[in-house]
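Okay, structure first, notes after.
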Amino acid sequence: MVNQQNFPIGIFDSGVGGTSIWKEIHTLLPNENTIYLSDSKNAPYGEKSEQAIIDLSIKNTSFLLKQDCKLIVVACNTATTNAIKILRQKFDIPFIGIEPAIKPAALKTKTNTIGILATQGTLNSALFEKTANTIDQKIIRKEIIGNGLVNLIEDGKLYSSEMTALLKSYITPLLEENVDCLVLGCTHYPYLIPQIREIVGHKIQIIDSGEAVAKQTKAILAKFKLQNNSTLKSKHEFYINKNKATLEMLVQSEKENVRFIETDF
């Protein structure tokens, strides 16, 4: 029987945003090898049909399985909410998904009004609606489709004037709606937290799923006895099919044992 403990954790996203999840996983599980797949050529998934999202998610999963990944993290809210059920049926490997952290927001809100910044594909999905229906129905949800944000991040325009203007147009109205929690429903969006904080000050709690996903990854590895107990330094490969420079910029703090590979997968 092959020892899978040394095999890498596979992570995929519709682009570079899922590196925010990768960072949380790497921080919590520094011994684990990882392979990250950035499908930037097809970003954003949030504007695609459900079937297109499913097809791309199957393609990404198949690529990671060819790299001998032992577990796959779907580091994309849109792919999780539209495709993870199909992935779990099709592939015999543990999957960890991501969806907007509206349950924690519902517990933390004092004004009973929460904002959710996400893609159209996430907000329109059946899984999102199912999750939303589990929270107290007295809580008002202000849902904002973040059109254009992913594209700007993918193009390396994180701190551009276009980004500032878009964020202000989406988020400023929430302050007038008495929102006290803002859920980031896309893995690209944590990179916008400093700018969002400048807009809202300390009036709003900003909530994302990264830390919770890392903890769930650790738990699933333990459940299936897949933890890497090697004392060797972990290795990390990042595959991307467009805008390699943006990916390198976001992961620039991690220089050792990191490879960036541009490929047309």
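Tabulated data for the structure shown
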quantity	calculated
Number of the condition not met by Gly156 [criteria: (1) assigned to a loop (DSSP other than H, G, I, E, B); (2) touching a residue at least 40 places away in the same chain (Cβ under 8 Å); (3) touching a strand residue (DSSP E or B) at 6+ places or on another chain (Cβ under 9 Å)]	(3)
Complete set of residues in segment 249-265 that are open to solvent by 70 Å² or more (accessible area, probe 1.4 Å) and among the charged types (D, E, K, R)	Lys255, Glu256, Arg259, Glu262, Asp264
Among (1) open to solvent by less than 30 Å² (accessible area, probe 1.4 Å); (2) assigned to a loop (DSSP other than H, G, I, E, B); (3) modelled with pLDDT of 95 or more, the one test that Ile84 misses	(2)
Members of segment 232-244 that are out of contact with any strand residue (DSSP E or B) (no Cβ under 6 Å at 6 or more places or on another chain), under 19 Å from Thr187 (Cβ atoms) and surrounded by fewer than 19 Cβ atoms within 10 Å (Cβ to Cβ)	Asn241, Lys242
Tally, over segment 122-149, of residues that are in a helix (DSSP H, G or I) and open to solvent by 10 Å² or more (accessible area, probe 1.4 Å)	6
Hits in segment 27-39 - residues which are at pLDDT 95 or above and either open to solvent by less than 30 Å² (accessible area, probe 1.4 Å) or assigned to a loop (DSSP other than H, G, I, E, B) (or both)	Leu29, Glu32, Asn33, Thr34, Ile35, Tyr36, Leu37, Ser38, Asp39
Close pairs (6 angstrom Cβ cut-off, 6 or more residues apart or separate chains): closer than 11 Å to Ile9 by Cα in segment 217-243, assigned to a loop (DSSP other than H, G, I, E, B) and among the basic types (Lys, Arg) anywhere	Leu226/Lys70
Residue in segment 96-113 that is at pLDDT 90 or above, closer than 24 Å to Leu174 by Cα and in contact with a Phe, Trp or Tyr (Cβ under 6 Å, 6 or more places away or on another chain) present	no
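One line per residue, one yes/no per condition, for (1) in contact (Cβ under 8 Å) with a residue 40 or more places away in the chain; (2) touching a Ser or Thr at 6+ places or on another chain (Cβ under 6 Å); (3) under 30 Å from Gln5 (Cα atoms):
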position: Asp68; (1), (2), (3): yes, no, yes
position: Thr80; (1), (2), (3): yes, no, yes
position: Ile98; (1), (2), (3): yes, yes, yes
position: Lys103; (1), (2), (3): no, no, no
position: Asn112; (1), (2), (3): no, no, no
position: Thr119; (1), (2), (3): yes, yes, no
position: Thr131; (1), (2), (3): no, no, no
position: Asp136; (1), (2), (3): no, no, no
position: Val150; (1), (2), (3): yes, no, no
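The values are calculated or read from the model by the stated rules, or taken from the named source; none is laboratory data. Quick caveat, the model's predicted, so the values are computed rather than measured. With ideal geometry, Cβ positions are generated from the backbone for all residues, glycine too; neighbour counts draw on all protein chains shown. Surface areas here come from the heavy atoms of the whole protein model, side chains and all, with no ligands, DNA or RNA. Shrake-Rupley method; radii C 1.70, N 1.55, O 1.52, S 1.80 Å.
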